[in-house]
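Colleague: One structure coming up, written as structure tokens, with questions to follow.
The values are calculated or read from the model by the stated rules, or taken from the named source; none is laboratory data. Predicted model, so just to flag it, every value in this text is computed and none were measured. Neighbour counts run over all protein chains shown; Cβ positions are idealised from the backbone, glycine included.
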Amino acid sequence: MANKILRILIADSQHSQTLLVERMLNRLGYYRIATASSLAEVRSLGHCPGYPFDILIGSAWLLFGGQTERDSQPGIYFNALIYQCHYVQPGSTLTAIEGTVARLPGALDATSLDMFMALIDPQAVHNPDKKAGTASLSHCPQRGPSQPSSYGLEAAD
């Protein structure tokens with residue numbers, strides 16, 4: 001069963017994509033979801049309640065596309081799944097407080113989201129189906145006690 005107290009922030013400038021991601025999360029059993037359609041909204045929502053979101057799921061275009069500084073929003077989230085990472089400029093960093101940062105080179109799909117949520121919420125029952133052409137986790141480097149891990153989600157051949 002999904003951990004229903006996880007706070008999730010979806011960040012994408014395309015409303016249809018935000019609804020799609022929210023619907024996929026609902027199917028997995030997650031309902032404590034906020035959405036943001038601009039970087040200003042991400043910052044505002046992230047600092048408003050006084051504690052960070054457990055998970056940020058967002059488009060690299062929104063999070064890194066127009067930024068002059070090259071760091072993501074520190075202190076807003078514990079874990080992150082960033083899709084469309086081909087928009088991320090070299091030198092940009094994904095800074096989570098203490099957790100998993102996954103990068104998806106293309107569009108977000110249900111399989112990739114399911115795999116990421118299984119990393120974050122291992123107690124939940126997630127779909128074990130793995131079909132040809134679905135996403136798979138790439139190798140991840142070792143991390144120190146205070147550094148977030150960085151998982152890459154890449155399409156399998």
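Colleague: Pick from region 34-48 the residues that are touching a residue at least 24 places away in the same chain (Cβ under 8 Å) and among the polar types (S, T, N, Q): which of them is surrounded by the fewest Cβ atoms within 10 Å (Cβ to Cβ)?
Modeller: Of everything passing the filter in region 34-48, S38 is surrounded by the fewest Cβ atoms within 10 Å (Cβ to Cβ).
Colleague: Here is a check on your reading of the model: is Y51 at pLDDT below 85, under 19 Å from K4 (Cα atoms) and of a type in the set (F, W, Y)?
Modeller: yes
Colleague: Can you tell me which residues in region 4-20 are within 24 Å of P122 (Cα to Cα) and in contact with a helix residue (DSSP H, G or I) (Cβ under 7 Å, 6 or more places away or on another chain)?
Modeller: Of everything in region 4-20, those that are within 24 Å of P122 (Cα to Cα) and in contact with a helix residue (DSSP H, G or I) (Cβ under 7 Å, 6 or more places away or on another chain) turn out to be I8, L9, I10, A11.
Colleague: Is it the case, given these coordinates, that S44 is out of contact with any helix residue (DSSP H, G or I) (no Cβ under 8 Å at 6 or more places or on another chain), modelled with pLDDT under 90 and outside any loop (DSSP other than H, G, I, E, B)?
Modeller: Working: out of contact with any helix residue (DSSP H, G or I) (no Cβ under 8 Å at 6 or more places or on another chain): yes; modelled with pLDDT under 90: yes; outside any loop (DSSP other than H, G, I, E, B): yes.
Considered against the rule, which asks whether it is out of contact with any helix residue (DSSP H, G or I) (no Cβ under 8 Å at 6 or more places or on another chain), modelled with pLDDT under 90 and outside any loop (DSSP other than H, G, I, E, B), S44 comes out as yes.
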